[in-house]
Amino acid sequence: MANRLILISSGGVFSSALMNHLSSTLSMDYEICVSPSDFPRENDHFVVLVDYQTVRAVNSPWFEFFTPFNQQIKVLLLDYPEKEPLDIVSSLNNVCGVFFSSDSLETLEKGIRKVMEGEMWFGRQLVGELLQLYKRKVGESKPTKQIKISPREVEVLRCLSVGYSNHDVAQKLHLSENTVKSHLFNIFRKLNVKNRTQAVSWFNSHYSM
């Protein structure tokens, strides 16, 4: 389970007040990072809260920061505009949840707790919109060869689609976590996706539950 909160933002009084409140409510330590050089280097379990304004620019130094295979980092996008296109959600690695500008502080606390328990925090409408976005991207790319997914990789994807963590997948399929990570690496490579959200979108569009 995650043991620290990281806020990626431009800093300021509001950021400090928010993190003080969440730290007290969730009983977790926190840090505020304004640049990638501030991010903790130790191998740890983090819930990373990302201010949308910090990553909205294509040339943001944070945009390529999160690697798709460090599953100890769980990314939550904060203050996402209701009518904003979802390209950033589908492009940023390790996104486990999205909170809109209209969401309450109580909703944020509840969502963080769910993500800490290994679940994801996406509303039904958002999942549908992400799926449509992915389908459009797949249609535009027009792949020239059929993607071949092994039965075991399908099982891993099915577990991801219901919000399983790497540990949960390993327990469910009687595998080691390293084996699960290897399957994820192969899945991401075959599907040409960057994160679990994109992989799940592909799975939902190709396999019935």
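Annotations
- 32 Å Cα-Cα threshold exceeded, pairs from LYS74/LYS148; LYS148/LYS172; LYS83/LYS172; LYS110/LYS190; LYS110/LYS172: LYS83/LYS172; LYS110/LYS190
- Residue order for ARG158, ARG189, fewest other beta carbons within 10 angstrom first, comes to ARG189, ARG158.
- FRET efficiency for the pair HIS45 and LYS148, taken as 1/(1 + (r/R0)^6) with r the Cβ-Cβ distance and R0 = 45 Å, rounds to 0.85.
- Between SER182 and LYS114, the FRET efficiency estimated from the beta carbon spacing at R0 = 25 angstrom works out to 0.35.
Computed from the coordinates by the stated procedures, all read-outs in this text should not be read as laboratory data. This is a predicted model, so every value here is computed, not measured. Cβ: placed from backbone, ideal geometry, glycine included. Neighbour counts: every protein chain shown.
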